[in-house]
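The values are calculated or read from the model by the stated rules, or taken from the named source; none is laboratory data. Note that this is a predicted model, so its numbers are computed, not measured. Here the Cβ positions follow ideal geometry from the backbone for every residue, glycine too, while neighbour counts run over all protein chains shown. These accessible areas exclude ligands, DNA and RNA; they are computed on the full protein's heavy atoms, side chains included. Shrake-Rupley method; radii C 1.70, N 1.55, O 1.52, S 1.80 Å.
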Amino acid sequence: MTQLYSQLQTYEEQLTKLAKVVDLEAYPIHDLDHPVTKELVARCKVQLDDIGCSVIADFVRPEAQERMRLEARRLMPCIFRSEQKHNPYMTKEDKALAEKHPNRYLQRRTAGFINTDIIPQESDMLAMYDNDIMTRFIGECLGVWPIYPWADPLARCPYGVLEDGDYFPWHFDGNEFTVSVSVEQPEEGGTFEYAPNIRSVDNENIDGVNRVLNGDKTNVYELEWKPGYLQLFKGRYALHRVQEVKGNGAWITALPTYMTDPDTVNRPEHSKQFYGRALPIHFEREGNRPDSLSD
Ligand SMILES: [Fe+2]
């Protein structure tokens, strides 16, 4: 069992740290019986059921968001940037499949990650992430419990970065839920689009995925996304992308990731592709996956 960093801190320590990042007067997420919190959780649940996505505006205090932005900017020289083509499942192309199968729909991706293992432990983002109070609140909103901060040392809570000309094409996430916090928005582009509930654990819905890849926007939503906003997203079942970023500024998003299985990590191939490295833990745990969906 993974030792969670939050287990080394008392409740009061975690509450104090969280209060510096989240406005607990506007959003008293430490008190799940508070009427404001109950209403917030109820709203998130309804939206997640309906469209697999819910946003909490101004969740992070402006000063904490600015500290996160400066932290990401400081760490930019250490970013792992990659450019490659991939299909929506992030798997190798299978030429035995029909040419129109989404597995063979390859798009160019240029993006970067500031890996979690180089982010200082005193980071505002990690204070929010390695925090039982936050985890409990997120679990309430998702309607899933228990959930845990992810065991993957690189991918558990990185900054995702897209700069001028970068594009993150249509894909499914390897994890069931994603929590994102906008840290910086570019001058132009960077719009998040998603097709909710387009596949399920036992139905890949190849035809529906193909329609979106071919430009059908009938069931595609655009996210209103500003610095300090928090997004809850079911990315394993929703096809999604970030449109090409243009001009000055960058799309910088903190990606605190939660799992129902605390021990699962990315496959080695996925870790190398996205984070530039695979660690021993990625190989050791490769066979330990919760389901057989492609990712
Ligand atoms: Fe994603």
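Residue-by-condition table, conditions (1) part of a loop (DSSP other than H, G, I, E, B); (2) out of contact with any helix residue (DSSP H, G or I) (no Cβ under 8 Å at 6 or more places or on another chain); (3) in contact (Cβ under 8 Å) with a residue 40 or more places away in the chain:
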residue: L97; (1), (2), (3): yes, no, no
residue: N103; (1), (2), (3): no, yes, yes
residue: E122; (1), (2), (3): yes, yes, no
residue: M125; (1), (2), (3): no, no, yes
residue: I133; (1), (2), (3): no, no, yes
residue: I138; (1), (2), (3): no, yes, yes
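Scanning the range 198-212 for residues that are within 15 Å of the ligand (Cβ to nearest atom) and outside any helix (DSSP H, G or I) yields I198, R199. Residues in the range 166-186 that are touching a strand residue (DSSP E or B) at 6+ places or on another chain (Cβ under 7 Å), open to solvent by 10 Å² or more (accessible area, probe 1.4 Å) and in a loop (DSSP other than H, G, I, E, B): N175, Q185, P186. Those strands (runs of 3 or more DSSP E) of the range 233-280 in which 3 or more residues are free of Cβ contacts under 8 Å to residues at least 24 places away in the same chain and crowded, with 21+ Cβ neighbours inside 10 Å are absent. Which one is nearest to the chain's Cα centre (by Cα), of the residues in the range 128-137 that are surrounded by 23 or more Cβ atoms within 10 Å (Cβ to Cβ) and of a type outside the set (S, T, N, Q)? Filtering first and then ranking leaves Y129. Of everything listed in (1) open to solvent by 10 Å² or more (accessible area, probe 1.4 Å); (2) touching a helix residue (DSSP H, G or I) at 6+ places or on another chain (Cβ under 8 Å); (3) among the aromatic types (F, W, Y); (4) within 16 Å of the ligand (Cβ to nearest atom), the single unmet condition for W145 is (4).
Yes/no per residue for (1) more than 18 Å from P256 (Cβ to Cβ); (2) open to solvent by 80 Å² or more (accessible area, probe 1.4 Å):
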| site | (1), (2) |
| --- | --- |
| L24 | no, no |
| Y27 | no, no |
| V36 | yes, no |
| E39 | yes, yes |
| A42 | yes, no |
| L48 | no, no |
| C53 | no, no |
| Q65 | no, no |
| R69 | no, no |
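Screening A19, A64, A72 for residues that are touching a Lys or Arg at 6+ places or on another chain (Cβ under 7 Å), more than 15 Å from R136 (Cβ to Cβ) and modelled with pLDDT of 95 or more leaves exactly one candidate, A64.
Looking only at residues in the range 187-205 that are open to solvent by 20 Å² or more (accessible area, probe 1.4 Å) and among the small types (G, A, S), the one that is nearest to P262 (Cα to Cα) is S200. When the test is whether a residue is assigned to a strand (DSSP E or B) and in contact (Cβ under 8 Å) with a residue 24 or more places away in the chain, K85 passes it. Answer yes or no as to whether R156 is touching a residue at least 24 places away in the same chain (Cβ under 8 Å) and in a loop (DSSP other than H, G, I, E, B). Yes: the conditions hold for R156.
Within the range 148-175, being of a type in the set (G, A, S) and within 16 Å of the ligand (Cβ to nearest atom) holds for A155, G160, G174.
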